[in-house]
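The values are calculated or read from the model by the stated rules, or taken from the named source; none is laboratory data. Just so it is clear, the structure is predicted and the values come from calculations on it, not from any experiment. Neighbour counts are summed over all protein chains in view; Cβ atoms, including those assigned to glycine, are modelled from backbone coordinates with ideal geometry. These area figures cover heavy atoms from the full protein model, side chains too; ligands, DNA and RNA do not enter into them. Shrake-Rupley method; radii C 1.70, N 1.55, O 1.52, S 1.80 Å.
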Amino acid sequence: MLNAATHYQIDYPDLSLILALVRGGTLARAAALLKVDVSTVFRAMRRLEAALGQTLFEKSRAGYLPTSLASNLAQQAERAELALEAARIGVEQGGEVISGTVRLTCTDAVLQGLLLPALAQFMPAYPALTLELSTSNDFANLSRRDADIALRLTSKPPEHLVGRCLGTVAYQVCASADYARRHAGQDLTDLAWIAPDDFLPDHPTVAWRREHLPGVRPSYRCNSMQSVTELVRAGLGVAALPDFLMGDGLQPLGPALAGHDTSLWLLTRPDCRALRSVVTLFDELGRHVRGLRP
């Protein structure tokens, strides 16, 4: 980066200095990150600001606050850091390294029950690959290009996305072992129900309950299936749960809900198929998530 006024050319040590102070927030923490003393960081930053003719940090009671210029340079420093790490790994492994950042979205239930176990199996093999994870109940983030890959439960994936079906997910009414023991023999209508709230109005379990137990009014309503599961695990009542969230002390109270299963889809945008990092993660997820299914 060339400053028009001073013609000073930013180099990698300058970027490392800025990034350390942005991350640390104080001279002491920045010095610890750079493995130098505090005075060295202070003098180096003063020299850099003088050479650029611009202020990079504002001193405050909370520490050193980056200006917009410092924030932008810190982002470039992070990219340079990732590129350098990928180059080092490539030298060590003697081949091409999959690197870059891939943005991945799913629901929190899918994250806990399927995605995290899958990532634990293969991500150590891709140390230069960075993931940005977000949880959401809709497809809007892929449509807005806020994410590259989605792992979703749906029977009708959006037509503008491409992907593969990884299998079928079934649902069963479940309770904790203690709750099931204390309420053995009781009718389902007499139990305390835990259910998704209006954020998931078309969820398969909601449709089943309205069809088969129309008189039931849930005692607890949650905005995610992961929260529903945690309340069931705590012994507060019963709920219809996806098969991948069962276990850890939960026991089914009956067979799978016939006619109310759904499909698990791995999806991406068509333009992402040209990105090696996205294709690699997509293929690995497809293989390992499918392997977690019964």
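Across the stretch 109-141, which residue is least open to solvent (accessible area, probe 1.4 Å) among those that are in a helix (DSSP H, G or I), modelled with pLDDT under 90 and over 18 Å from residue 283 (Cα atoms)?
It comes out as 141.
Can you tell me which residue is surrounded by the most Cβ atoms within 10 Å (Cβ to Cβ) among those in the stretch 24-64 that are in contact (Cβ under 8 Å) with a residue 40 or more places away in the chain and within 20 Å of residue 10 (Cα to Cα)?
52
Being out of contact with any Ser or Thr (no Cβ under 7 Å at 6 or more places or on another chain), of a type in the set (A, V, I, L, M) and open to solvent by 60 Å² or more (accessible area, probe 1.4 Å) narrows it down to one of 275, 231, so name that one.
Within the list 275, 231, the selection yields 275.
Looking at residue 186 and the list (1) out of contact with any Pro (no Cβ under 8 Å at 6 or more places or on another chain); (2) open to solvent by less than 80 Å² (accessible area, probe 1.4 Å), which single condition is not satisfied?
Looking at each condition in turn, residue 186 falls short on (2).
For the stretch 180-210, how many residues meet the condition of being of a type in the set (D, E, K, R) and in a loop (DSSP other than H, G, I, E, B)?
Within the stretch 180-210, the subset of a type in the set (D, E, K, R) is 181-182, 187, 190, 197-198, 202, 209-210.
So of that shortlist, the ones also in a loop (DSSP other than H, G, I, E, B) come out as 187, 197-198, 202.
Looking only at that region, the number is 4.
Has the stretch 46-69 got at least one residue that is in a helix (DSSP H, G or I) and either touching a strand residue (DSSP E or B) at 6+ places or on another chain (Cβ under 7 Å) or under 26 Å from residue 128 (Cα atoms) (or both)?
Looking through the stretch 46-69, none of the residues is in a helix (DSSP H, G or I) and either touching a strand residue (DSSP E or B) at 6+ places or on another chain (Cβ under 7 Å) or under 26 Å from residue 128 (Cα atoms) (or both).
Restricting attention to the stretch 25-41, report how many residues are part of a helix (DSSP H, G or I) and over 18 Å from residue 79 (Cα atoms).
The qualifying residues number 10.
Is there any pair with a first residue in the stretch 164-192 that is without any contact (Cβ under 8 Å) to a residue 12 or more places away in the chain and farther than 30 Å from residue 267 by Cβ and a second that is surrounded by fewer than 20 Cβ atoms within 10 Å (Cβ to Cβ) and of a type in the set (Asp, Glu) whose Cβ atoms are under 8 Å apart and which are 6 or more apart or on different chains, and what are they?
Short answer, once both residue conditions are applied: 183/190.
Residue check, residue 206 against (1) surrounded by fewer than 18 Cβ atoms within 10 Å (Cβ to Cβ); (2) in contact with a Leu (Cβ under 7 Å, 6 or more places away or on another chain); (3) without any contact (Cβ under 8 Å) to a residue 24 or more places away in the chain, all met but one. Which one?
(1)
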